[in-house]
Amino acid sequence: MARPQLKSITDKEEKTSVKDSFKAMKTIPRFFREIYQSSPILFFANVFSRLLNAFTPVVILWVGKMIIDEIILQVSLENKDFTLLWKYVLIEFAVAILSDLLGRLINLTDGLLGDLYSNDSSEKIIRKTAELTIAQLEDPEFYDKLERARTQTNSRVGLMSNALGQAESLISMVSLIAGLVYFEPILILILVISIIPSFINEAKFSSTRYSLARSWTSERRELDYLRFIGANNQTAKEIKLFGLTDFIAERFKNLSNDYYHLNKRLSLKQSLYGSFFNILGVLSYYGAYIYIILRVLAGVITIGELTFLSGSFNRLRSNLQGFFSRFTRISESALYLQDYFDFIDLSIEQTAEAKTPMPKTIVKGFEINNLHFSYPGNKTEVLKGVTFKLNAGEKMAFVGQNGAGKTTLIKLFLRFYEPTEGEILLDGININNFDVDEYRKRFGVIFQDFFKYEFTLRENIAIGNISEIENDEIIGYAANKSLAEQVVNDMAEGLEQRLGRRFYKGQELSGGQWQKVALARAYMKDADVMVLDEPTSALDAQAEFDVFERFIALTKGKTSIIISHRFSTVRMADRILVLQHGRVLELGTHEELMENPKLYSELFKLQAAGYQ
């Protein structure tokens, strides 16, 4: 079995530099504005708590110094007075309790803010995805952008805690540095020497980790897909029947091992360099510690000042390590944050600036002129000069072999894609001149690959006009006309029955039942144009005939498009459009087409012979 080619994170086009990491940090202010908008009260509570807590380390160290100096003083005196000593102990105790309470408040607000922001950002991704065109969503490169934006929610929540913690740490370090400068300024120089090399190393590897993750976005999507099809009730039957377990497991193993080895190589290198620079830091710390001891022995500083300086230096070094470590995590997370904002800021394709109001009723119908189309990234034309008219109130069937362009033509009608050449007119006006949302509201559509929402039966039907989800009369009407009424009656919970097997007490439907439910969606709104794209393939011939007979009767006076491979259904249409290789081969009534010895009459006779 062919294995995917192992990618190198040193590929020029995938390489992300330290400079890129710093540039991505320009998104941090916008990020904090979004966090603030999630909950101003929680945000201010978090910031205020961190501000107070930032001063507790230096206060505790300073009070500790006063306690030790007071103990040594009282020990040397004959008339001892421990009043001041116990005041210092009480102050240190109070500060320690305050620090603990502030820390808990910070953790609480961090968690709540993180949850709120995660919810808000996920909602924005959902809403942004709805604004994008089908062409964008079906583009693999674009889908990688969506995947990076969608899967880095936890990274963004971590970024929030790290960024707020960075501000707290900075205030704390300034206060500790002030204490060191007051007593021994040279300790600051030693501190810088111990930290900077480690920081540079961390910054370098954070950008490299991001490069690896970014360059493997497509492969990680494939790994998720393999996990899904390898352990899913929807694919279990075919997996077992065709013995695909080894094939899928091996493919997953090979791809995941490739990613593991790249990640392992990076982790080992980072660990090696990190150990070396950490040893330098430890040596610097103990050099400073020895220096402080020598100063005590020389009588330059007191024992209390020794504890303050050693404690301050140790805490400051720890804070600085945490500060720089968080800084590299922030710069790495900022790269993912940049992916999120890049997705949110994607421009929406506008086909026309001026919007013509939709006609109240369709008078003339549709006119399709010299329509050409090829899917993005593919030079092969699916439609090649398609021209015809669909009159208002007419029921037209699209017929053709697989790949003839029937569903693609529907997608162009619905403005999911723009034609590469030619135009579609509605009552003489190019459909691109209408507001796309207002235009699509005039359609009632069921596709052959309709989605099976594992919601309640009520919700599945109401999807056709979700604003009427509580309207039992309309839902009942739609269920009756689509033959889904029997499905409702068969459910123990009726309309409130959850469908599918994913959730507790869910009820799976047969293919035919699902199609009746999907058909009900088309009857949920009084649409001007009805489109049925092979929605009854899972029904038996009689059930399909009944469905379409009802459909024809119920859509009297409405413009309709029907795609079906069953000619007993197709012949109900007013006219039939026959497509072949993306071109219009025939157009006429059933009787007219049967008189011509072309594709339609040939296919009709072949299918009719199959029932004899």
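Nothing in this text is a laboratory measurement; each read-out follows from the coordinates by a stated rule. Quick caveat, the model's predicted, so the values are computed rather than measured. Positions of Cβ are backbone-derived with ideal geometry, glycine not excepted, and every protein chain shown enters the neighbour counts.
First measure r as the distance between the Cβ atoms of ARG127 and GLU602, then evaluate 1/(1 + (r/R0)^6) with R0 = 51 Å and state the FRET efficiency to the nearest 0.05.
Efficiency, rounded to the nearest 0.05: 0.55.
May I ask you to sort ILE72, ILE576 by Cβ crowding, counting other Cβ atoms within 10 Å and putting the fewest first?
With the sparsest Cβ surroundings first, the list reads ILE72, ILE576.
Taking just the alpha-carbon atoms of region 350-444, what radius of gyration and Dmax come out, in angstrom?
Rg, Dmax (Cα atoms, Å): 13.4, 39.
How much FRET efficiency would the formula 1/(1 + (r/R0)^6) give for LYS505 and GLU470, where r is the Cβ-Cβ distance and R0 is 22 Å, rounded to 0.05?
E between LYS505 and GLU470, to the nearest 0.05, is 0.50.
Relative contact order for region 451-526 using alpha-carbon pairs under 8 Å, separation at least 6, rounded to a whole percent?
44 percent
Considering the alpha-carbon set of region 451-526 alone, what are its Rg and its Dmax in angstrom?
Expressed in Å, the Cα Rg and Dmax of region 451-526 come to 10.9, 34.
Order the peptides 106-119, 55-68, 251-264 from the highest to the lowest mean number of other Cβ atoms within 10 Å of their residues.
55-68, 106-119, 251-264
For VAL75 and VAL59, compute 0.36 nm times the residue count separating them, minus their Cα-Cα distance, and round to one decimal in nm.
Result for the pair: 3.3 nm of gain on full extension.
May I ask for the Kirkwood hydrodynamic radius of region 396-508, worked out over all distinct Cα pairs and given in angstroms to one decimal?
16.8 Å
Near TRP62, within a Cβ-to-Cβ distance under 13 Å, what is the net charge of the other residues, with Lys and Arg +1 and Asp and Glu -1?
Around TRP62, the surrounding residues sum to -2.
Assuming R0 = 56 Å, what is the FRET efficiency of LYS269 and ALA96, from their Cβ-Cβ distance, to the nearest 0.05?
FRET efficiency, LYS269 to ALA96: 0.85.
Compute log10 of I(q)/I(0) for region 69-175 with the Debye formula, placing one identical point scatterer on every Cα and leaving out solvent, at q = 0.12, 0.13, 0.14, 0.19 Å⁻¹, to two decimals.
-0.67, -0.73, -0.79, -1.01
Under 5 Å between amide hydrogens, which residues at least 5 positions from ILE301 or on another chain qualify, with H placed 1.01 Å from N in the peptide plane?
Sorted by chain and number, the residues that satisfy this are VAL296.
Starting from the Cα of LYS360, step 7 Å along the direction of its Cβ; do the same at THR245; then give the gap between the two resulting points in nm.
According to this spin-label approximation, the distance is 6.6 nm.
Under 8 Å for C-alpha pairs, at least 6 residues apart: give me the relative contact order for region 353-417, rounded to a whole percent.
26 percent.
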